[in-house]
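One structure is given here, and the rest of the page talks about it.
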Amino acid sequence: MSARQSQLVIVANRLPVARVKTKKGMEWKRSPGGLVSALTPFVQKTGGAWIGWTGTTGSAPDLFDFEDIKLVPVGITRGQLENFYDGFCNGTLWPLYHGAVREPEYHRSWWRPYVAVNKRYARMTAETAERGATVWVHDYHLQLVPALLREQRPDLHIGFFLHIPFPPEELFGRLPWRRQILEGLLGANVVGFQTPIGAHNFIRVCRRYTDAKSKAGTLELHGRKTQADAFPISVDVERYASAAESDIVTQRAQEIREQMGRGRRIILGVDRLDYTKGIDVRLRAFSELLSRRRQAIRDYVLVQLAVPSRERVDEYRELRSRVEELVGQINGEFGDVSHVPVHYLHRGLPFTELIALYRAADVMLVTPLADGMNLVAKEYVATRYDDTGVMILSEFAGAAQELKTALQVNPHDVDGLAETIEMALSLPQKEATRRMRKMREAIGNYTVFDWADSFVTALSH
Ligand code: GDG
């Protein structure tokens with residue numbers, strides 16, 4: 001056993017660090033995001049390792065230590081980036097798993113690199129994990145890794161967590177490589193999903209397309225058992241709540257309110273610019289609301305933060321044009337020299353600015369067409385320490401299973417959405433407080449640390 005081997009190994013598409021330019025030159029910095037901050041303490045505690053891609057193509061740097069975590073970089077070639085990542089991951093699996101809201105493409109020339117990249121991750125994991133170690137594989141990019149790893153290392157405890165929805169049989173059945181994907185996942189001891197529906201869909205398709213037998217959430221294939229269950233992800237509630245109460249955020253939220261115009265109601269959307277997030281339908285609903293309430297146009301403002309994403313993929317470039325065209329149309333039709341109805345930001349903002357926006361917003365619009373969980377919804381709730389604010393939440397976000405007192409909507413229904421925005425804006429204070437308090441209770445006791453703990457505990461049984 002080499003000194004570099006580890007008792008806990010995280011395997012994910014990306015490493016928890018990125019190379020960024022600083023005054024001192026290029027340096028590795030911890031990537032932002034809930035997943036990284038949840039898993040980092042876990043891995044640090046056990047002197048564990050994290051296997052993933054650096055985010056740039058070409059040969060990978062040697063393994064190195066970062067904040068007590070062994071980082072094992074995986075090299076991805078330009079061809080693999082196009083066919084594995086942009087192709088099979090984001091052109092086939094992403095739309096298929098999100099209810100085929102865009103037509104998934106099926107290309108053998110994308111599947112082969114998917115297999116090759118998964119084999120590479122599995123080989124590197126086999127070399128990194130100590131005897132009897134716990135390995136936690138993440139997300140749709142790496143669904144073949146559990147079985148490939150099991151073949152090489154039957155001694156390991158292997159867990160897999162899917163961050164996005166697992167589709168129903170009618171959709172999953174379209175995938176030409178459905179059996180291979182399922183057998184890949186069944187190499188794990190525990191397969192985790194965001195919601196019970198995901199776990200249920202998975203069990204159904206395993207019974208249909210593999211030889212696995214199921215009993216009470218456990219599947220058995222070739223004498224080996226796999227537990228399929230829901231482990232809803234959460235956020236670091238304390239971090240969001242204390243940032244929200246800080247002086248700097250309180251002051252900045254006040255400034256934003258004044259800049260938007262005193263007394264104006266602020267409606268907020270925060271999303272990666274992705275077609276699953278329903279940004280275009282949301283804009284159409286806002287436009288509908290303004291045309292119905294022309295006398296009140298100056299009372300509302302929509303702030304839409306759209307973080308750039310997957311810009312090499314055609315659908316994402318087209319979505320950006322459509323969203324920007326809609327913003328232009330709304331501002332052209334309903335704005336004037338002293339009032340802009342939609343403030344559209346196409347970039348990522350620093351953490352404190354994001355929290356200040358959450359605090360400034362009267363209504364949070366979270367309307368994905370499909371979403372594994374949606375952390376933005378939980379973050380908004382975590383920042384409402386005073387039980388203020390109203391959330392409109394898509395029925396099709398995993399978060400809707402827990403945040404039952406949000407104003408839930410069908411995100412495809414433009415009229416229904418426009419009506420719900422109106423309702424949110426006129427909700428009596430008492431009712432708004434009651435709903436927000438319930439949502440805060442729902443997430444309060446269960447943080448992202450509990451999520452990671454419960455998964456690893458299930459894996460150790
Ligand atoms: C996938 C699944 C699942 C956004 N803009 C800024 C910023 N963000 C942060 C948010 C939030 C994160 O990005 C987005 O997380 P979501 O959960 O909303 O969405 P996906 O990226 O699609 O994540 C999803 C998740 O995995 C976890 O399992 O919930 O369903 O699709 O944390 O705050 N952060 C900063 N500036 C921004 O401008 N700092």
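Below are the figures for this structure:
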{"item": "Cα-centred dipole magnitude for the chain, charges only on beta-carbon of K, R (+1) and D, E (-1), debye, nearest 20", "result": "720 debye"}
{"item": "Per-pair calculated FRET efficiency, R0 = 25 Å: ALA216 and VAL115 via Cβ, rounded to 0.05", "result": "0.20"}
{"item": "For the chain, projected area of the alpha-carbon convex hull averaged over all directions, nm²", "result": "22.4 nm²"}
{"item": "The chain: angle of helix 196-209 to the longest principal axis, Cα-based, in degrees nearest 10", "result": "40 degrees"}
{"item": "Potential extension, HIS412-GLU395 segment - 0.36 nm per residue separation minus Cα distance", "result": "5.1 nm"}
{"item": "Estimated FRET transfer efficiency (GLU27, THR250; beta-carbon r; R0 30 Å; 0.05)", "result": "0.40"}
{"item": "Mean Cα-pair separation over length for the chain, i.e. relative contact order, pairs under 8 Å, 6 or more apart, %", "result": "13 percent"}
{"item": "Candidate aspartates and glutamates for bridging to LYS438, where Cα separation is under 14 Å - those fewer than 8 sequence places away on the same chain excluded", "result": "ASP386, ASP387, GLU402"}
{"item": "Selection from SER454, TYR114, THR433, by position along the positive dipole direction of the chain (Cβ)", "result": "TYR114"}
{"item": "Euclidean distance between Cα centres, region 19-87 to region 354-378, Å", "result": "27 Å"}
{"item": "Relative packing of peptides 41-51, 426-436 - highest average C-beta neighbours within 10 Å first", "result": "41-51, 426-436"}
{"item": "Angle in degrees between helix 108-128 and the longest Cα principal axis of the chain, rounded to the nearest 10", "result": "70 degrees"}
{"item": "CD proxy at 222 nm, helix term only [per DSSP H run n ≥ 4: -39500 (n - 2.57); per residue of the chain; nearest 500]", "result": "-12500 deg cm²/dmol"}
{"item": "Distance-filtered residues of region 254-268 - backbone nitrogen under 13 Å, label point 7 angstrom along SER338 Cα→Cβ", "result": "261-262"}
{"item": "Degrees separating the helix 448-460 axis from the principal Cα axis of the chain, which is the longest one", "result": "20 degrees"}
{"item": "Point-to-point label distance, ASN331-PHE66, nm (Cα→Cβ direction, 7 Å offset)", "result": "3.6 nm"}
{"item": "FRET efficiency for LYS45 and ASP299, using Cβ-Cβ distance with R0 set to 60 Å, rounded to 0.05", "result": "0.75"}
{"item": "Positive-pole candidate from GLY278, PRO16, SER37, dipole of the chain, charges at beta carbon", "result": "PRO16"}
{"item": "30 Å Cα-Cα threshold exceeded, pairs from LYS70/LYS215; LYS45/LYS119; LYS277/LYS404; LYS45/LYS378", "result": "LYS70/LYS215"}
{"item": "Hits among lysines - C-alpha to C-alpha of LYS21 under 21 Å, sequence gap 8 or more where chains match", "result": "LYS29"}
{"item": "Label-point separation in nm, GLU169 to THR57, each point 7 Å along Cα→Cβ", "result": "4.1 nm"}
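None of the figures in this text is laboratory data; all of them are computed from the coordinates on show. Since the structure is predicted, the reported quantities are computational estimates derived from the model, not experimental observations. All Cβ positions, glycine included, derive from the backbone under ideal geometry; neighbour counts span all protein chains shown.
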